[in-house]
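In what follows, a single structure is set out as structure tokens and then discussed.
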Amino acid sequence: MTEPLELTYRLHLLLPRGRISFRRWHWELWHEAQLLAAGWRTGPLHAQRALRAHAFRYVHRVHGVHPIPSQAAHPAEQPWGGGSAAFHWGELGVVLTPRASVDGS
């Protein structure tokens, strides 16, 4: 098994609930100083799923292998609680760490 790739992420509420009951969560996926992907989702679990999906594609691209779609399947998403999360797809792995705890912002 290869050493897990370490990526950082930001996940925060961009648009709090107001007059309209609509929230928007903003997420970013980083590898060191390089922004890999960013976007918005309507819920934190959807944003986590987007982070995991982009990390899945990135770790496969870094190792020069094509991902098998069945590997992308993952059990139901559980809240990360603002902490680190580790995922493994066969021999490849990734550790997602909150960016605020890495760069102090």
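Shape of the range 5-103 from its Cα gyration tensor (a ≥ b ≥ c, root eigenvalues): rounded if a/c is under 1.5, otherwise prolate when a/b > b/c, or oblate? Cα axes put the range 5-103 in the prolate bin. Counting Lys and Arg as +1 and Asp and Glu as -1, what is the net charge of the other residues whose Cβ lies under 13 Å from the Cβ of V65? Surrounding charge for V65 is +1. Count Lys and Arg as plus one, Asp and Glu as minus one, and take only other residues whose Cβ is under 11 Å from that of V94; the net charge is then 0.
At an R0 of 30 angstrom, the distance between the Cβ atoms of E32 and T2 translates into a FRET efficiency of 0.95.
Using R0 = 25 Å, the C-beta based FRET efficiency linking I20 and V95 works out to 0.10.
Here the label points at A86 and L45, each 7 Å from Cα along the C-beta direction, are separated by 2.5 nm in the simple model.
Can you list which of the trypsin sites (Lys or Arg not before Pro) found in the range 15-65 are DSSP loop residues with at most 14 other C-beta atoms within 10 Å? Before the final figure, lay out each step's value.
Working: sites: R17, R19, R23, R24, R41, R49, R52, R57, R61; in loops: R17, R19, R23.
Sites meeting the loop and neighbour criteria: R17, R19.
For every other residue with a beta carbon closer than 10 angstrom to the beta carbon of R41, add +1 if it is Lys or Arg and -1 if Asp or Glu, then tell me the sum. Local charge sum for R41: +3.
Taking only C-alpha pairs under 8 Å that are 6+ residues apart, what is the relative contact order of the range 5-103 in percent? Intermediate results must be reported in sequence, preceding the final value.
Numbers: 150 pairs, mean separation 28.8, N = 99.
Normalised by residue count, the contact order of the range 5-103 is 29 percent.
Quick note: the coordinates plus some simple rules give every number you see, no bench work behind them. From a predicted model like this one, the values you see are computed outputs, not experimental measurements. Don't worry about glycine lacking a Cβ; one is built from the backbone with ideal geometry, like all the others, and counts go over all protein chains shown.
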